[in-house]
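Scroll down for the structure; my scribbles are underneath it.
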Amino acid sequence: MSRSVEVGQVVGTRTVTVTRADLVHYAGASGDRNPIHWNERFAREVGLPGVIAHGMFTMGTAVNVVVDWLGDPGDLLDYGVRFTRPVPVPDPGEAVVEIVATVAVVDPEAGTARIDLTVSTEGTKVLGRAQVLVRL
Amino acid sequence: MDAGFVGRVYPPTAPYAVGREHLRDFAQAVGATHPVHSDVEAARAAGYADIVATPTFAVVIAQRAEAQLIEDPAAGIDFSRVVHAEERFTHRRPIVAGDEITTVLHVDAIVERGGLAMVTTRCELTDATGSPVASVLSTLAVRGAEA
């Protein structure tokens, strides 16, 4: 499938709420059972403000908007991020993560585009260089 | 952190069997709702042999291979002092249920800076025919014992 896109075009936005139950589910599904993602006491003992989301949970969640836009996950060629800030997940309560996916580069000869993700919570960006290379 | 680990290549892991229910559970855990991640008929209609893994599922396979380094006492990595700094997936094709994936772990770089050791590993995932499936790059920031 061929898509026509322009640099600066927003291909999707999403708001995701995250609770401790979501982190427990991700811990089980991923096999990353580090207690900083579910145990408040342990998280504080190692100097964190409290339980934080798995970076890989945030990375895995943020890319859904791109897959839904593509329609075919096989058109997602490369996906990389830097984990720059933690996402604290309170209890009681929830974290709110905002995701914006924007076309950053279009390469018509290669038939690819780079989609950049802006991922933030409470106005602070939590991922750096969150870049998705897709086949157009 | 022993910089002598740079360039090390580990033997291939035992094959990891990708299960349909695990893919569904992982997709649900990251909130992925595209039907090819859960519905076999939708996946087949899209041209896949079975349901399709979400883009970051490969971490589940890669982290088992990475444990060969992280849990090696000789590497001296205290996991309570580790922060995940970077992750990158390069997909040659999507992983699908039924795949049997073998992984080779490479230690690409260990860079000391400001009391941190930045340890970059690369997992090369191949299928049962030996064809490449994905590369998974991971960088951990390891704080020194005295920091």
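I need the semi-axes of the equivalent ellipsoid of chain B: take the C-alpha gyration tensor, multiply each eigenvalue by 5, square-root it, list largest first in whole angstrom. Walk me through the numbers before you get to the answer.
Values: eigenvalues 208, 52, 26 Å².
Three semi-axes, in Å: 32, 16, 11.
Hey, what number do you get for chain A at 222 nm if only DSSP H runs of n ≥ 4 count, each worth -39500 (n - 2.57), divided across all residues, to the nearest 500?
Details: 4 runs with 32 residues, N = 136.
After summing the helix terms and dividing by the residues of chain A, the value is -6500 deg cm²/dmol.
How many angstrom lie between the C-alpha centres of the stretch B:17-74 and the stretch A:38-65?
Using only Cα atoms, the two centres lie 20 Å from each other.
For A:ASP68 and B:ARG113, what is the calculated FRET efficiency with R₀ set at 35 Å and r taken between the beta-carbons, to the nearest 0.05? Please list the in-between numbers first.
Values: r = 38 Å, r/R0 = 1.09.
E(calc), rounded to 0.05, equals 0.35.
With unit charges on the beta carbon (Lys/Arg positive, Asp/Glu negative), name the residue among A:ALA130, A:GLY111, A:HIS54 whose Cα is farthest towards the positive pole of the charge dipole of the stretch A:10-135.
Of the listed residues, the answer is A:HIS54.
Given 0.36 nm per residue, what is the gain on full extension from B:ARG93 to B:ARG143 after removing their alpha carbon distance, in nm? Don't skip to the answer; put the middle values down first.
Values: separation 50, 0.36 × 50 = 18.00 nm, distance 3.54 nm.
So the chain would gain 14.5 nm between B:ARG93 and B:ARG143.
Under a crude label model (7 Å from the Cα following the beta-carbon direction), how far is B:GLU21 from A:GLU109 in nanometres?
5.1 nm
To the nearest 0.05, what FRET efficiency results for B:ALA14 and A:GLU6 with a Förster distance of 45 Å applied to their C-beta separation?
Working: r = 47 Å, r/R0 = 1.04.
Plugging the Cβ-Cβ distance into 1/(1 + (r/R0)^6) gives 0.45.
Find, among the GluC sites (Glu not before Pro) in the stretch B:1-106, those assigned to loop by DSSP (not H, G, I, E, B) with at most 14 other beta-carbon atoms within 10 angstrom. Walk me through the numbers before you get to the answer.
Working: sites: B:GLU21, B:GLU41, B:GLU66, B:GLU71, B:GLU86, B:GLU87, B:GLU100; in loops: B:GLU71.
Sparse-neighbourhood loop GluC sites (Glu not before Pro): B:GLU71.
Just going by the charge dipole of the protein assembly as shown, with Lys and Arg at +1 and Asp and Glu at -1 on Cβ, which of B:THR121, A:VAL24, A:GLY74 is farthest out on the positive end?
Value computed over the given set: B:THR121.
Quick one: what Rg and Dmax do you get for the stretch A:1-92 from the alpha carbons, in Å?
Cα only, the stretch A:1-92: 16.1, 51 Å (Rg, Dmax).
Which chymotrypsin sites (Phe, Trp or Tyr not before Pro) in the stretch A:1-72 sit in a loop by DSSP (not H, G, I, E or B) and have at most 13 other Cβ atoms within 10 Å of their own Cβ?
Nothing satisfies the criteria.
For the stretch B:28-72, with only Lys/Arg (+1) and Asp/Glu (-1) charged at the beta-carbon, what is the dipole magnitude about the Cα centre, in debye rounded to 20?
On the way: 2 positive and 6 negative charges, 32 e Å.
So the dipole magnitude of the stretch B:28-72 works out to roughly 160 debye.
Under a point-charge model restricted to the Cβ atoms of Lys and Arg (+1) and Asp and Glu (-1), what is the dipole moment magnitude of the stretch A:10-135 relative to its Cα centre, in debye to the nearest 20? The partial results should precede the final answer.
On the way: 11 positive and 15 negative charges, 76 e Å.
Roughly 360 debye for the stretch A:10-135.
Give me the one-decimal nm value for the distance between modelled label points at B:ALA45 and A:THR13, 7 Å along each residue's Cα-to-Cβ direction.
3.1 nm
Take every DSSP beta bridge whose two residues both sit in chain A, then give the antiparallel share in percent to the nearest 5. If you can, show how the numbers build up before the last one.
Numbers: 32 of 32 bridges.
If we restrict to bridges inside chain A, about 100 percent are antiparallel.
Please get the size of the charge dipole for the protein assembly as shown, origin at its Cα centre, with Cβ charges of +1 on Lys and Arg and -1 on Asp and Glu, quoted in debye to the nearest 20.
Computed charge dipole of the protein assembly as shown: roughly 320 debye.
Bear in mind these aren't lab numbers, they're just calculated from the coordinates by the rules spelled out. Note that the coordinates shown come from a computational prediction; the quantities given were computed from them, not determined experimentally. Virtual Cβ from ideal backbone geometry, glycine too; neighbours counted across all protein chains shown.
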